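These notes concern the structure reproduced below.
The values are calculated or read from the model by the stated rules, or taken from the named source; none is laboratory data. Fair warning: this is a prediction, and the values are worked out from it, not measured in the lab. Neighbour counts run over all protein chains shown; Cβ positions are idealised from the backbone, glycine included.
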Amino acid sequence: MTENPPSARLTRVNVLLLGGTAEGRRLATLLVAEAGVRVVTSLAGRVSDPILPDGEVRIGGFGGPAGLADWLRANRIHALVDATHPFAVGITGSAAAASRSSGVALLRLQRPGWVAGSGDWWIRVPSLAQAAAALADLGERVFLTTGRQGLATFAPLDRHWFVVRSVNPPDPPVPCRMLALLDRGPFTVDGELDLMRKHAIQVVVTKDSGGNMAAAKLAAARVLGLPVVLVDRPPQPNVPTVTSVDEVVDWVRGLAQVR
């Protein structure tokens with residue numbers, strides 16, 4: 001990115017960035033590089049040893065929408081950016097409510113979802129429970145990448161064998177027949193092909209998180225002709241939303257110009 005002229009630089013703007021995603025880290029880097037902007041990235045604290053973004057970092061919850069609104073006012077925040085995971089419905093809802101009550105401008109940064117292409121065999125379902133139910137007719141050896149917090153939904157499936165991948169070790173209840181792999185993306189298609197072949201995977205289960213960090217498993221499943229059970233995103237609050245980091249930077253600049 002070329003250097004911005006002085007007239008386009010940010011001035012007197014405090015930003016709270018709800019992060020934890022690759023897009024959030026990239027956005028923090030771009031905003032910190034601008035003159036006159038203070039960026040505080042908030043991380044939920046659910047992942048040990050997280051990849052920290054540039055700028056200030058705050059770890060932990062706010063105590064719901066009211067607590068977040070109080071924090072925004074106490075820290076004189078001018079712009080609230082929600083760059084959390086598409087399935088982080090709790091904090092996304094809190095951000096929408098806190099923006100309304102505090103008057104702080106809110107923008108949601110959400111990466112586009114995945115779109116099936118030629119050769120993909122996807123079964124879209126609206127929930128983890130329906131993903132678990134769909135496995136009855138799709139195979140017994142499952143590559144499960146829905147995150148460690150949803151494993152309880154699959155715990156009763158004692159006929160299936162799971163390869164579970166997550167950043168941190170999963171907490172019980174978990175499936176009784178399970179191999180846990182601790183790893184963090186981005187992943188490669190060759191690596192995912194090796195994993196699926198090594199463990200004789202018959203079906204992949206994942207969430208529609210979108211982006212490139214975890215898309216390699218979809219390409220690998222396509223190569224191998226495997227079905228993918230894809231959990232659709234939950235409903236999102238009706239708030240201003242963009243799909244690119246650059247759009248957020250432009251929005252923050254616009255707020256600076258009207259202050």
Odd one out for LYS217 among (1) more than 16 Å from the chain's Cα centre (by Cα); (2) under 26 Å from ALA105 (Cα atoms); (3) in contact (Cβ under 8 Å) with a residue 40 or more places away in the chain: (2)
Determine, yes or no, whether GLY147 is at positive phi, in contact (Cβ under 8 Å) with a residue 60 or more places away in the chain and surrounded by 19 or more Cβ atoms within 10 Å (Cβ to Cβ). yes
Say whether the condition of being free of Cβ contacts under 8 Å to residues at least 60 places away in the same chain, assigned by TED's automatic domain parsing to the domain that holds ASP183 and over 23 Å from ALA180 (Cβ atoms) is met by at least one residue in segment 242-256. no
When GLY119 is run through (1) of a type outside the set (Phe, Trp, Tyr); (2) more than 19 Å from the chain's Cα centre (by Cα); (3) at negative phi; (4) part of a loop (DSSP other than H, G, I, E, B), the failure sits at (3)
